[in-house]
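Contents: one structure, followed by commentary.
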């Protein structure tokens, strides 16, 4: 080619040349087909490529819409399904392909009508509209060669502009297909993982409404660059302020999210790539999105879960930057909920959830989320049902869609039919009647039919949670998670702040006991302001440097908490419990620290608790082997079923595939707990369970059957568990449980369920 332009010296220069010419084409008063024919000619010429083709999604298949270099008779004839051939693979996977020998690729599909057998090299990029592939732009060359990186980047930039052309052009069938998700009114049923039980109906509200980029080609590059500079400054200022002043972190389950945000916000490589995209002729919004598209493609190829999380953090930051640039700032909370709403988000932090009007917030849908995320604790306290790990949220749900959430069933109905709505309403009425019935039990004692009193307590972690004592009629707080104050604070809470919280909780509880668990941080609950380990992230944080292990090393932290607890409990009985005790010496070391701090306070004429009762959490299975050595020094023992079962089965409880694999009612768990009960029996030690297990009626029944008589559970579980207790003949159950443990069935849950049904135990089902 004698008149071919010289090879591009940079991706930006190359793209800019093409975009300048495309701008003219897009502005011309010609039909869409004519524009696309010109586009493939311009791209092929500028990249010195013998073939340039555009495939567009039409009626569920990718149709060859325009080409330079392939046979013209193949246009509108050649069609490939999603996942079929190289083009179909690019669209389905939303990924880029760059091959020096196309035919050698396992997904290659030969189409003789195109005449493509003459060409060896192949490169293709998806044309993306609103995060979905709506077409493919590809180039081919006779000589086997991989396309240069700058050529691929150019194609990616051009593909973004093409998406605008396609959306705005007269491609009626294609446009209808592109926007099918926007106009589809058919009902969809999505599934997810129950994180907080309950039902709710309302319109879909996105926590962070996505900015749709309508203009991609810049009129003034320098003006766009200044817009990005200003947005970066504003975003960095926001992140710095968030890190230094915020009462709550934004990380949800990403415990180091603020530090990660700061790292990305100040990453020169990221800002440079955005600048380069602007140099190519894109608007500020399009440049940010263009860079992020590339990140998403790379993210799909990453196997490392931690790195994927970090990429998600960058996605959040990109969205924040686009919102600043476009002037579309704020979350839905700042706008306010105008009617009953279901909130939709990738993830949430506890403070973000608390910003919403709980009178109108009827449920939360999370694309991610886990049972252990801090926001779930807040959601339970608010009484808001949460469904997590719901896929395809952005493509299946639109702002304003009617949603029906049934967390117990793990389902979400999007745009329900009248029949589905009626069935949901009927179930909701039954659920509300059930709640009203349970509320009537509030002032009645938790006593079995044969007269055995059971101590029902609640788990808490927020000052607001204490109100649940009066609402539920619970006997006290069996687990107050003191670490929550640390997790939601931007800085280490000082003794005065800690003391104020503990005193407020004790005052609100009145004469009802409160068991304070010392701070359980570290591992998967890392604090941004505490550099626990400078060397590396832990591979197994749940089994890492956390809880009592960390507290004994950071002695100053535990000393401050000890003094705060004792001064707050002045004149009252203080119940303090140490988490994740692995060996007796750890418990003794922690107890001795408290004894020493009590002596120090007495020496300094401080008011002291009238008594201090010391307890430990049984979460590490191995502790049972030395439990006999600890019993003489213990006042109470609380079994933490969440961590205990995790360690018994070597199964990460936050892992979605393992979350429901192992049953709490399996003989492994029940026999272990029965062994603990037997060891403690006859001692002065009060034994209880605090964890999710005790908050479920059937599991709670099984726990009572092996001898447990104290349960500390979520406030929402008190009513159903009390109803079960009051319908239970405990003597009959305890006579039959040994046989169930001795001869477990393949379905042990079924054994307990059959017993409950036979004896008419109220399980609320």
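The values are calculated or read from the model by the stated rules, or taken from the named source; none is laboratory data. Only a predicted model underlies this, so the values are computations on that prediction, with no experimental measurement involved. Cβ: placed from backbone, ideal geometry, glycine included. Neighbour counts: every protein chain shown.
Some points to look at:
- Once the stretch 260-280 is narrowed to residues that are in a helix (DSSP H, G or I), out of contact with any helix residue (DSSP H, G or I) (no Cβ under 8 Å at 6 or more places or on another chain) and modelled with pLDDT under 80, the residue that is surrounded by the most Cβ atoms within 10 Å (Cβ to Cβ) is 263.
- Candidate set: the stretch 702-719, residues that are more than 28 Å from the chain's Cα centre (by Cα) and not in a helix (DSSP H, G or I); chosen: the one surrounded by the most Cβ atoms within 10 Å (Cβ to Cβ): 711
- For the stretch 93-111, the set of residues classified as part of a helix (DSSP H, G or I) and at pLDDT below 85 consists of 93 only.
For (1) surrounded by fewer than 17 Cβ atoms within 10 Å (Cβ to Cβ); (2) over 37 Å from the mean Cα position of the chain (by Cα); (3) without any contact (Cβ under 8 Å) to a residue 60 or more places away in the chain, each residue gets a yes or a no:
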{"site": "723", "(1), (2), (3)": "no, no, no"}
{"site": "728", "(1), (2), (3)": "no, yes, no"}
{"site": "731", "(1), (2), (3)": "yes, yes, no"}
{"site": "736", "(1), (2), (3)": "yes, yes, yes"}
{"site": "743", "(1), (2), (3)": "yes, yes, yes"}
{"site": "746", "(1), (2), (3)": "yes, no, yes"}
{"site": "753", "(1), (2), (3)": "no, no, yes"}
{"site": "756", "(1), (2), (3)": "no, no, yes"}
{"site": "761", "(1), (2), (3)": "no, no, no"}
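- Check on residue 504, farther than 26 Å from residue 761 by Cα, in a loop (DSSP other than H, G, I, E, B) and modelled with pLDDT of 85 or more: no
- Flag if residue 354 is over 30 Å from residue 283 (Cβ atoms), modelled with pLDDT under 80 and in contact with a helix residue (DSSP H, G or I) (Cβ under 7 Å, 6 or more places away or on another chain): yes
- Of all residues making up the stretch 635-652, the number that are closer than 19 Å to residue 708 by Cα and touching a helix residue (DSSP H, G or I) at 6+ places or on another chain (Cβ under 8 Å): 7
- Residue under evaluation residue 607, criteria (1) over 19 Å from residue 670 (Cβ atoms); (2) modelled with pLDDT of 95 or more, criterion not met: (2)
- Out of 594, 649, sole residue that is without any contact (Cβ under 8 Å) to a residue 40 or more places away in the chain, surrounded by 22 or more Cβ atoms within 10 Å (Cβ to Cβ) and assigned by TED's automatic domain parsing to the domain that holds residue 703: 594
- Taking the conditions (1) buried (at least 18 other Cβ atoms within 10 Å of the Cβ); (2) more than 15 Å from residue 639 (Cα to Cα); (3) over 30 Å from the mean Cα position of the chain (by Cα) in turn, residue 684 satisfies each one other than (1).
- Residue in the stretch 556-577 that is outside any helix (DSSP H, G or I) and modelled with pLDDT under 90 present: no
- The C-beta contact set for the stretch 17-40 (first residue assigned by TED's automatic domain parsing to the domain that holds residue 65 and outside any helix (DSSP H, G or I), second residue exposed (fewer than 14 other Cβ atoms within 10 Å of the Cβ) and modelled with pLDDT under 80, distance under 7 angstrom, 6+ apart or interchain) comprises 31/170.
- The selection criterion, being at negative phi and crowded, with 17+ Cβ neighbours inside 10 Å, does not hold for residue 453.
- Residues within the stretch 390-421 that are part of a loop (DSSP other than H, G, I, E, B) and more than 30 Å from residue 463 (Cβ to Cβ), tallied: 13
- Condition met for residue 348 (modelled with pLDDT under 70, assigned to a loop (DSSP other than H, G, I, E, B) and either touching a strand residue (DSSP E or B) at 6+ places or on another chain (Cβ under 9 Å) or closer than 26 Å to residue 714 by Cβ (or both)): no
- Residues located in the stretch 422-444, provided they are surrounded by 14 or more Cβ atoms within 10 Å (Cβ to Cβ) and outside any helix (DSSP H, G or I): 441, 442
- Residue match in the stretch 137-144 (condition: modelled with pLDDT of 75 or more and under 28 Å from residue 266 (Cβ atoms)): no
- Of the listed requirements (1) buried (at least 21 other Cβ atoms within 10 Å of the Cβ); (2) at pLDDT 90 or above; (3) within 16 Å of residue 36 (Cα to Cα), residue 72 misses just one: (1).
- Checked against the criterion of being assigned to a loop (DSSP other than H, G, I, E, B), at negative phi and modelled with pLDDT under 75, the stretch 285-297 has no qualifying residue.
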